[in-house]
Amino acid sequence: MLTTQYVPGAPNWLDLGVPDTEAAAAFYGGVFGWTFRSAGPDAGGYGFFQLDGKTVAGIGPLTEEGAGASWTVHFHSPDVDALAKTVEQAGGTLRFGPCDVFTAGRLAGFTDPAGAEFAVWQPRDNQGLEVAGSTNALCWTELYTTDVAAAKDFYRTVLGWETVDNDMGENMIYTVASPAGTDPAGDSGHAGIVQLSPDHLAAGSTSEWHPYFGVADCDATTAASTERGATLVIPPTDIEGVGRVAMLTDPFGAPYALITPSPM
């Protein structure tokens, strides 16, 4: 699970791009109890989701032509400009940046070789999310990809990740990633990497990152989500040694997942 003790390569920010920020704030407020705080008149409509006065995510209007609603996972980088060069050398593409966000930090957005979008955040005044790894906050990230082997190579090259493969049975391998120099089989894991199945591909699924939000009761939060207009993709399901999980898309089309972790 995640913490706010950010190190290079670890998730340190998350934001939602939507066509209607006011409606999204109402939806997520109803589901997670988040409140919205504007980043100010010069921020182009960008603001922060907060829980008990601490930031759990960002939210802003869509800015890229043709973009749909989505959550974007950001990873810590001590040097965004150098990383941008590495991404392109490794077969990824630059979507925007690198650019300064006032004095908060430096930002760039990328697409990996399989088409999954992600971003990197170089902290300055803003070190990252103020809450992570707890109830009603980001606690895990997951990459669904058309090529797990290529994804492991790419993220190892650009973010220094360590990875370990776990046999989940039924011909499913679940790869866990963690920052450089750590043990992905231990408590430092921060992301899962999953191969998209032929059925998912036939249905039009593409490579993308999903955030997981920790909740006290997966079934109750799933119900609260669908009552407010979310679409259920995978109903609450028990995963041995992990917890109870569900996957949905919000009313605007952005995918996200819920998890009630198993007792430690």
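Key figures for this structure:
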| quantity | calculated |
| --- | --- |
| The chain, dipole about Cα centre (Lys/Arg Cβ +1, Asp/Glu Cβ -1), debye to the nearest 20 | 440 debye |
| Positive-end residue of 258, 140, 80, charge dipole of the chain with Cβ unit charges | 80 |
| P(r) tail fraction, the chain - alpha-carbon pairs more than 28 Å apart, % | 29 percent |
| Fully extended contour minus Cα-Cα distance, from residue 180 to residue 103, at 0.36 nm per residue | 25.0 nm |
| Calculated SAXS-style log₁₀ I(q)/I(0) at q = 0.13, 0.17, 0.27 Å⁻¹ - region 102-155, Debye, Cα scatterers | -0.48, -0.75, -1.03 |
| Estimated FRET transfer efficiency (residue 111, residue 197; beta-carbon r; R0 25 Å; 0.05) | 0.70 |
| Loop-located GluC sites (Glu not before Pro) in region 138-232, at most 12 other Cβ atoms within 10 Å (DSSP) | 170 |
| Loop-located trypsin sites (Lys or Arg not before Pro) in region 104-199, at most 16 other Cβ atoms within 10 Å (DSSP) | 124 |
| Percent of C-alpha pairs per 10 Å bin, region 43-173, short to long | 10, 38, 36, 14, 2 |
| Spin-label zone in region 43-79 - amide nitrogen under 14 Å from a point set 7 Å from the Cα of residue 206 along the C-beta vector | 64-71 |
| Separation of the residue 239 and residue 81 label points, Cα + 7 Å toward Cβ, nm | 3.9 nm |
| Kirkwood Rh in Å, taken over region 128-263 so that all alpha-carbon pairs contribute | 15.8 Å |
| Net +/- balance of residues flanking residue 117 in space, Cβ distance below 13 Å, scoring K and R +1, D and E -1 | -3 |
| Rounded Å value of the spacing that divides the Cα centres of region 191-214 and region 1-76 | 21 Å |
| Computed [θ] at 222 nm, helices only, for the chain once each DSSP H run of length n ≥ 4 contributes -39500 (n - 2.57) | -5500 deg cm²/dmol |
| Accessible surface, the chain, averaged per residue in Å² (probe 1.4 Å) | 46 Å² |
| Dipole magnitude (debye, nearest 20) for region 1-150, charges at Cβ of Lys, Arg, Asp, Glu | 300 debye |
| Carbon plus sulfur fraction of accessible area for the chain, probe 1.4 Å, in percent | 51 percent |
| Region 92-198 - charge dipole about Cα centre, Lys and Arg +1 at Cβ, Asp and Glu -1, debye rounded to 20 | 400 debye |
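The values are calculated or read from the model by the stated rules, or taken from the named source; none is laboratory data. Values in this document were obtained by computation on a predicted structure and should not be read as measured data. A quick note on method: Cβ atoms are made from the backbone with ideal geometry, for glycine too, and the neighbour counts reach across all protein chains shown. Side chains included, ligands, DNA and RNA excluded: accessible areas come from the protein's heavy atoms. Shrake-Rupley method; radii C 1.70, N 1.55, O 1.52, S 1.80 Å.
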